[in-house]
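Read-outs throughout are calculated quantities, based only on the coordinates presented, and are distinct from any laboratory measurement. Predicted model only: the values in this text are computed from it and were never measured. Heads up, the Cβs are rebuilt from the backbone with ideal geometry, glycines too, and the neighbour counts pull from every protein chain shown.
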Amino acid sequence: MPDLHELRIHGRGGQGAVLACSILAQALIDDGKHAVSIPSFGFERRGAPVAAFLRFSDAPIRAMTNVYHPDCVICIDPTVAKTVDIYAGMKAGGTVVLTTKSALDELKFPDSVARVGLCDAVGIALSIYKRPVTNAIMLGAFARTSGLVSLASLKEALQQMEFRDAGLSQNLTAAERGYNETQVYDLAKVGHAAAVA
């Protein structure tokens, strides 16, 4: 049975969630996997909650529908979880990567979440771009948290994609800082967490 992963990226219109999904798909392909990026063609005005979807596996992928039961969720905006249930349909043992300044004990997660990556991506973005552009940072955070894609492949994919608003060196720095500055936790069933080295 192929090892299929289904991922959902949550953000707001104009933040680059769909672009991040495409970059991640390319990075996964560069790592030797099959990947399909599926943009959400909904109400995508700037600032409105949006989602993008990704499937990847060691085997070819035929499903092109939205992801309703992700095992990985990335939220690139710190406010979107207040208006959208980012955990909806999440499979047991799931991984979530959040843009947040909060400590782990200030956050609550459903029982389906087993691993958490926390990254102050807005703070990092303001220091790099002078604007809260978090998508490249959160791709690095996902790589660190999940171990499912290499930072080297992410950087290669960033070099292949075109950005309107930022230079390549800034985006490479953003991905690297997201990778290096993310705190990763495995949530124990007894209600506490252990940091992952």
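Measure off 7 Å from each Cα along the Cα-to-Cβ vector at ASP85 and LEU107, then give the distance between these two points in nanometres to one decimal.
2.0
Counting only complete DSSP H runs, which helices of the chain cover 15 Å or more along their long axis at the Cα atoms and score a mean Kyte-Doolittle of -1.0 or above?
17-30, 135-146, 168-180
7 Å from Cα along Cα→Cβ at both SER169 and HIS34: what's the point-to-point distance in nm?
4.1
In the structure shown, do any of LYS33/LYS91; LYS130/LYS155; LYS91/LYS155; LYS101/LYS130; LYS33/LYS101 have a Cα-Cα gap over 24 Å, and if so which?
Details: LYS33/LYS91 21 Å; LYS130/LYS155 21 Å; LYS91/LYS155 29 Å; LYS101/LYS130 17 Å; LYS33/LYS101 32 Å.
LYS91/LYS155; LYS33/LYS101, as the Cα separations exceed 24 Å there.
Springs between alpha-carbon pairs under 10 angstrom, Gaussian network model over the chain: which of SER169, SER40, SER22 fluctuates most?
Comparing SER169, SER40, SER22 in a Gaussian network model of the chain, the most mobile one is SER169.
Strictly greater than 26 Å: what percent of every Cα pair in the chain meets that?
That fraction is 25 percent.
Mind giving me the FRET efficiency for SER127 and ASP186? R0 is 25 Å, r the Cβ-Cβ distance, nearest 0.05 is fine.
0.30
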